[in-house]
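A quick write-up on the structure given underneath.
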Amino acid sequence: MTTNRTPAKIIPRAFPGIKPSEVEELIATSKVNTYPAGTILCRENAIETIFYMILEGEVEVTKLINQTEARVLKTLSAGDFFGEMALIHNAPRAATVTTKNDVVVLELEKESFDRVLQHSSSVAMAMVKEISERLRQNDEMAIEDLRMRASELAQAYQKLAEQDLTRRKFLTNVAHELRTPLMAASGYLQILQRGALQGNQLNEAIETVSRNVGQIVSLVNDILFLQEIELVLPDFQSVNMSEITQGIIKKYEKKAGERGIHLKVRNEQSAPSVNGDSRSLERALTALVDNAVKFSPHGGDIEINFEKQKDRLAVSVEDHGIGIATDQLSSIFDRFYHLEQSGDDLFGGIGIGLAITRQVIEQHHGKLSVESKPGKGSKFTMLLPLGNGI
Ligand code: CMP
């Protein structure tokens, strides 16, 4: 041990003003011990009775914030002491103290410690100073933790409130979307019941009832699909996306044509098959086409493009419609989010389409991205893993 690391040199540094006789008493009643790195000298909450003063090396003081997380309070080195709080308060250890390297300590049992404390005002003063400093530090840490927890709670509450609002809006939207076709169907059914219709009129009425019931069924199916997709194991097979696209275009041709919208497909011949669940992929692409038609201006073009990218197929749907504001881009894939109004236009729907697409793409371990410029249009791209052997 170097001369300035001897107890006789270090004790007066820790307890300024201590009398030489008291230093001698301290040395006489204590013992010197050496511990390797990683030794726990004080264990938080344990009842232990030794007071330590560091002669050489360093220790780390840590405290548990919750069951699993520990926080480092301080590193102590030669001339510092620890383990006094439990002895003075007759309480369990307030923290854990672990050696960081080889540590030489002076150790005092509780009886010797009490005796020195009772007759040395210098030791008592140093203790009071140190303990009040440590308690203040522990209080600050507790307050800081409470602040953090409070702000985490506030954020979680805010998120819950937002989710609750979205859910309530969703229910209102669903009720609204169901009411229109239900009212139409029930109106026509009443007329049919009276038996007043014949010939063409009868056929048209039946057709209207059937179309409206179809709308209700498809809405309910979409909601159920989104609920079930996480529970049902998908049946992955080789899927031809260009065939699926043709089917969707056939379905939308009439609706788009009425508004002068052209649906164009590019590079479909070169599109390789993907590995996926064809029913889910059809729904995912349908939702993108449906949105593109809904948000396109009269006479707008919609392009569906295929591009092979390494081991994936990129399928993009691009429109030249109203586009999406940058601050809304992150929410559009959320369940039940939907754009209600843009300028003077009101848009129907319950905001479930993009949530379905996102869920399906996630299920396929693919990627869904969007590029959009307000007033210019949007482009949604799905990246899908290629099928086996292609
Ligand atoms: P004790 O509670 O007996 O055992 C753990 C020791 O860690 C404690 O005494 C103090 O010596 C020390 N300790 C507790 N809190 C702090 C703190 N905030 N800073 C430094 N040391 C501390």
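The values are calculated or read from the model by the stated rules, or taken from the named source; none is laboratory data. It should be emphasised that the depicted structure is a prediction, and the values quoted were computed from it without experimental measurement. Here Cβ is always computed from backbone atoms with ideal geometry, including for glycine, and neighbour counts include all displayed protein chains. The accessibility values were calculated without ligands, DNA or RNA, using every heavy atom of the protein model including side chains. Shrake-Rupley method; radii C 1.70, N 1.55, O 1.52, S 1.80 Å.
Using the Cβ-Cβ distance between ILE223 and SER270 with R0 set to 25 Å, the FRET efficiency works out to roughly 0.10.
Shape analysis of the range 108-186 based on the Cα gyration tensor places the equivalent ellipsoid semi-axes at 69, 11, 5 Å, largest first. Of the residues ASN240, ASN33, ASN173, the one that moves most in a GNM of the chain with alpha-carbon contacts below 10 Å is ASN33. Normalising by residue count, the chain has a Cα convex hull of 249 Å³ per residue.
Taking Cα centre as origin and charging only the Cβ of basic (Lys, Arg, +1) and acidic (Asp, Glu, -1) residues, the dipole magnitude of the range 11-119 rounds to 240 debye.
Need the list of aspartates and glutamates near LYS74 for cross-linking: C-alpha distance under 19 angstrom, and skip anything on the same chain fewer than eight residues off. The qualifying aspartates and glutamates are GLU44, GLU56, GLU58, GLU60, GLU84, ASP102, GLU130, GLU133, ASP139, GLU140, GLU144, ASP145. Computed over the alpha carbons of the range 153-228, Rg followed by Dmax gives 18.8, 66 Å. Its relative contact order, with pairs defined as Cα atoms under 8 Å and 6+ residues apart, puts the chain at 12 percent. Computed from backbone phi, the HN-Hα couplings of the range 306-317 come to 10, 8, 7, 10, 6, 9, 9, 10, 9, 10, 10, 10 Hz, rounded to whole numbers (Karplus: 6.51 cos²θ - 1.76 cosθ + 1.60, θ = phi - 60°; Gly and Pro given as x).
Using DSSP loop states and a limit of at most 15 other Cβ atoms within 10 Å to flag trypsin sites (Lys or Arg not before Pro), what is the longest stretch of the chain containing no flagged site?
Numbers: sites that count: ARG43, LYS100, ARG259, LYS310, LYS376.
Between the exposed loop sites, the longest stretch runs 101-258.
Placing +1 on the Cβ of every Lys and Arg and -1 on the Cβ of every Asp and Glu, with no other charges, gives the chain a dipole of roughly 640 debye about its Cα centre.
State which entries of LYS159/LYS376; LYS310/LYS376; LYS250/LYS294; LYS251/LYS379 exceed 26 angstrom in Cα-Cα distance in the structure shown. Provide the component values of the computation, followed by the final result.
Details: LYS159/LYS376 32 Å; LYS310/LYS376 30 Å; LYS250/LYS294 16 Å; LYS251/LYS379 21 Å.
Those over the limit are LYS159/LYS376; LYS310/LYS376.
Under 5 Å from the amide H of THR39 lie the amide H atoms of THR99, each residue being 5 or more positions distant or on a separate chain, with H modelled from the backbone and absent for Pro and chain starts.
Our estimate of slack between GLN155 and GLU307, defined as 0.36 nm per intervening residue step minus the Cα-Cα distance, is 50.6 nm.
Here the 3J(HN,Hα) profile of the range 357-362, calculated from phi with Karplus coefficients 6.51, -1.76 and 1.60 at θ = phi - 60°, is 4, 4, 4, 5, 5, 4 Hz, Gly and Pro shown as x.
The long axis of helix 121-194 is offset from the longest Cα principal axis of the chain by roughly 10 degrees. If contacts are Cα pairs under 8 angstrom and at least 6 residues apart, what is the relative contact order of the range 18-175 in percent? Computed value for the range 18-175: 28 percent relative contact order. What the Kirkwood sum gives for the range 82-239 is a hydrodynamic radius of 24.5 Å, with every pair of different alpha carbons counted.
For the chain, modelled as a GNM whose springs connect Cα atoms under 10 angstrom apart, the maximal fluctuation among GLU152, GLU107, GLU162 occurs at GLU107. Compared with the dominant principal axis of the Cα atoms in the chain, helix 241-258 is inclined by about 60°.
Loop-located GluC sites (Glu not before Pro) across the range 256-340 with a Cβ neighbour count of 10 or fewer within 10 Å are lacking, with loop assigned by DSSP.
Under a 1.4 Å probe, what is the accessible area of the chain per residue, stated in Å²?
Value for the chain: 57 Å² per residue.
Mean sequence separation of contacting Cα pairs (under 8 Å, at least six apart), scaled by the length of the range 153-228, corresponds to a relative contact order of 33 percent.
In whole percent, how big is the carbon plus sulfur part of the accessible area of the chain, probe 1.4 Å, protein atoms only? That share works out to 52 percent. For a straight C-alpha distance cut-off of 12 angstrom, the aspartates and glutamates reachable from LYS308 (same-chain residues fewer than eight places away being disregarded) are GLU268. Length gained on full extension, ALA37 to GLN201: 49.7 nm, using 0.36 nm per residue less the C-alpha separation. With each label modelled as a point 7 angstrom along the Cα→C-beta vector, the LYS255-ARG167 pair spans 2.9 nm. When the charge dipole of the range 237-385 is built from unit charges on Cβ atoms (+1 for Lys and Arg, -1 for Asp and Glu) and taken about the Cα centre, the candidate among VAL289, SER242, LEU329 whose Cα reaches farthest toward its positive end is SER242. For the chain, modelled as a GNM whose springs connect Cα atoms under 10 angstrom apart, the maximal fluctuation among LEU219, LEU76, LEU368 occurs at LEU76. Taking every Cα-Cα distance in the range 11-119 and sorting them into 10 Å bins starting at zero, the pair-distance distribution P(r) comes out as 15, 46, 32, 6, 1 percent.
Our estimate of slack between GLN118 and SER369, defined as 0.36 nm per intervening residue step minus the Cα-Cα distance, is 83.0 nm.
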